[in-house]
Amino acid sequence: MSSSSTSILIIYTGGTIGMKENPETGALAPFNFNQILDEVPELRKFGFNLDTISFNPLVDSSDITPEFWVRLADLIHENYQKYNGFVVLHGTDTMSYSASALSFMLENLSKPVVFTGSQLPIGKLRTDGKENLISAIEIAAATSNGQPLVPEVTIFFENQLFRGNRTTKYNAEHFNAFRSDNYPVLAQAGISINYNFAYIYYPTHRYELVVHKHFNTSVAILTLFPGITPAAVDSVLSTPGVKAVILHTFGSGNGPSSSWFVNRIKEAVNSGILVFNVSQCKAGGVDMDKYDNGLLLKKAGVVSGIDITLEAAVVKLMFILGQDMEFNDLQAKVQESISGEISC
C-alpha cells in the first residue's frame, strides 16, 4: 500500500501527550490536535492521510469509566472502513485498563489499534511524546502484502510494542513506563522496527467487526497481606451487590490456610460470587495445585486467573458479567482466552 493511500485516524482522549505550555503563564493546557502537523512536522514525511478526533471534553485517565470505553469503541467502529489503522492517545495511568477493554470489545478486529501517550507533554523540549506518536503511527500503518502487520490492540511506549491486555504501568518517573512480564514484546523500535511475528495475533478469517458494549462493574478486589483480619475480608466479600471478587494472592496463588479465611471464601462462592485468583507477582502466574494453601482455595471454588494482569482481570470480569451468564458459565468463561490476555 502506498503512503498516499494510507489513512490513519488519531483519537486524542486526553493525557499528558496533548499538553503544551502557555508561553505567558507557563501552565500546561491541551493544544488543538487538528494542528498536529504543526506541532510534529516530522509526520509530514510519512505522506499518510492523518485525521484527528479529540474528545470534548478531554478525559483525565484517572476518570476513565466503561462509558468512556464504549464511546471510544464506537468511534473506531464508525470509522472502521475509512482508515487503515487507529492511534489512541491516552493518559498513562489507566492505559492498560483501556487497552484491555478495547481488546475484549472489538470482536473480529483485523486492523491495528495502537495506544500511546507520554510522560512529558509533547510541547516540552525533552518530550517522549513525539517519538511515541511517530512510531505508533508507523506501526498502525505498517503492512505486508496489503495486510496489517499488527492487527490487534496494542500499547507502544518507549521503543516497545506490547499486547495491550498484557501490560502494567510500573514506572511513574521514567520514560519506559510499561512492562509485559508474561508475554513477549510484539515489536522493538530501534534503527528499524523489528516485529516479533510469532507472537502477534493474525485472524485466519475475516468477519465483520462486532462491538460489545455491556459492562457490569459489580467487581471488587481483596488484596491479601500478612495479618489480614476477618473484618477486612468481610468488608470486601459482603460489599452490597458484588458479583465477582479478585482474590489478589501471594506467589503462585496462595492465601492463608486459617479455617476462618477459607470458610469465608467458600461461603462467598456458594452464595454466587465469582472469586478469581490473581497473583500479586507481576511475572509468573497462579498454580493452585503447587502448594497446600493454594489447593485449599481451589477446593473452596476459587477460579484460577492463570497469568493474567490485575488490570486485564478487572476489565475481563466486568466484561463477562455484562453478558448475563449463569454462574457455572461465568466460571468457565473467565478461564478462556478472549483476546490473548492469558496463556492457555
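Please treat every number below as a calculation from the coordinates, not as lab data. The model shown is predicted, which means the values in this text are computed figures rather than measured ones. Cβ sites come from the backbone with ideal geometry, for glycine too, and all protein chains shown count toward neighbours.
Being in contact (Cβ under 8 Å) with a residue 12 or more places away in the chain, part of a loop (DSSP other than H, G, I, E, B) and on the phi > 0 side of the Ramachandran plot is a property that Ile342 lacks. Within the range 280-306, the set of residues being of a type in the set (Ser, Thr, Tyr) and buried (at least 18 other Cβ atoms within 10 Å of the Cβ) comprises Ser304 only. Criterion first (part of a helix (DSSP H, G or I), touching a residue at least 60 places away in the same chain (Cβ under 8 Å), touching a strand residue (DSSP E or B) at 6+ places or on another chain (Cβ under 6 Å) and within 24 Å of Thr127 (Cα to Cα)) does Ile17 satisfy it? For Ile17, the condition - part of a helix (DSSP H, G or I), touching a residue at least 60 places away in the same chain (Cβ under 8 Å), touching a strand residue (DSSP E or B) at 6+ places or on another chain (Cβ under 6 Å) and within 24 Å of Thr127 (Cα to Cα) - is met.
Restricting attention to the range 200-243, the residues being more than 23 Å from Val303 (Cα to Cα), loosely packed, with under 14 Cβ neighbours inside 10 Å and among the aromatic types (Phe, Trp, Tyr) number 2. For the range 173-199, a tally of residues being under 19 Å from the mean Cα position of the chain (by Cα) and touching a residue at least 40 places away in the same chain (Cβ under 8 Å) returns 8.
Restricting attention to the range 170-183 and to residues that are surrounded by fewer than 16 Cβ atoms within 10 Å (Cβ to Cβ) and touching a strand residue (DSSP E or B) at 6+ places or on another chain (Cβ under 9 Å), the residue that is nearest to Thr116 (Cα to Cα) turns out to be Asn176. Of the strands (runs of 3 or more DSSP E) lying entirely inside the range 76-164, the ones with 1 or more residues being surrounded by fewer than 22 Cβ atoms within 10 Å (Cβ to Cβ) are found at 160-163.
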